[in-house]
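Can you keep this structure in mind? I'll have questions shortly.
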Amino acid sequence: GAWLAAHGARAMLDLSDGLAGDAQHLAAASGVQLTLELADLPVARAVVAEAERLRLAPAAFAAQGGEDYELLAALPSGFGKADAETFRRETGLGLTRIGTAAAGAGVRLLLGQDEVALAGFDHFR
């Protein structure tokens, strides 16, 4: 997180309550609309296996999970592949671009051509 902040991250938060829920918090706090391509999520093989056992789309299943120990970061549009490679080389971690931010509000979750409605973990449910 510190490396990303030093290299232009506009906002970030941990995904402890799942991407689908936590992305809503980032969008609201930043006053933007996020459009996230769930098919671009890196999904562990064990998660794919469990999603398939439950007959769910693996990317949608992963987006609702929590305790991911990942950060969702909003990086400037000029942050490109060379920057991501520098990040990987300096930290040993990878970055995956999963969407965009634009004027507006809320989060659009796309799975292929379909917009899907998903929620993260709700502590009060």
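The values are calculated or read from the model by the stated rules, or taken from the named source; none is laboratory data. If you're wondering where the values come from, they're calculated on a predicted model, not measured in any experiment. Here the Cβ is made from the backbone with ideal geometry for all residues, glycine too, and neighbour counts use every protein chain on show. Note: areas computed on protein heavy atoms with side chains; ligands, DNA, RNA excluded. Shrake-Rupley method; radii C 1.70, N 1.55, O 1.52, S 1.80 Å.
Could you please state how large a percent of the accessible area of the chain is carbon and sulfur, counting protein chains only and using a 1.4 Å probe?
54 percent
With labels modelled as points extended 7 Å from the Cα through the Cβ direction, what inter-label distance (nm, one decimal) is found for Arg53 paired with Ala117?
Rounded to a tenth, the inter-label distance reads 2.9 nm.
While we're on this one: So what is the 222 nm mean residue ellipticity for the chain from helices alone, if each DSSP H run of at least 4 adds -39500 (n - 2.57) and you divide by all residues, rounding to the nearest 500 deg cm²/dmol?
After summing the helix terms and dividing by the residues of the chain, the value is -10000 deg cm²/dmol.
Report, in debye and to the nearest 20, how large the dipole of the stretch 4-93 comes out about its Cα centre when Lys and Arg carry +1 and Asp and Glu carry -1 on their Cβ.
That gives a dipole near 200 debye.
Could you give me the ³J(HN,Hα) list for the stretch 70-86, computed from phi with Karplus coefficients 6.51, -1.76, 1.60 and θ = phi - 60°, whole Hz, x at Gly and Pro?
10, 10, 9, 10, 9, 10, x, 4, x, 6, x, 4, 5, 5, 4, 5, 4
Moving on. State, as an integer percentage, the relative contact order of the chain based on alpha-carbon contacts under 8 Å between residues 6 or more apart.
44 percent
Still on this model: Which value, in Å², gives the accessible area per residue of the stretch 1-51 when a 1.4 Å probe is used on the protein heavy atoms?
Result: 49 Å² of accessible area for each residue.
Tell me which of Leu26, Thr96, Gly80 sits at the most positive position along the dipole axis of the chain, charges placed on C-beta atoms (Lys, Arg +1; Asp, Glu -1).
Gly80
Suppose R0 equals 25 Å. What FRET efficiency, 1/(1 + (r/R0)^6) with r the Cβ-Cβ distance, do Thr91 and Val43 give to the nearest 0.05?
Computed FRET efficiency for Thr91 and Val43: 0.75.
How high is the relative contact order of the stretch 41-108, given as a whole-number percent (alpha carbon pairs under 8 Å, six or more residues apart)?
25 percent
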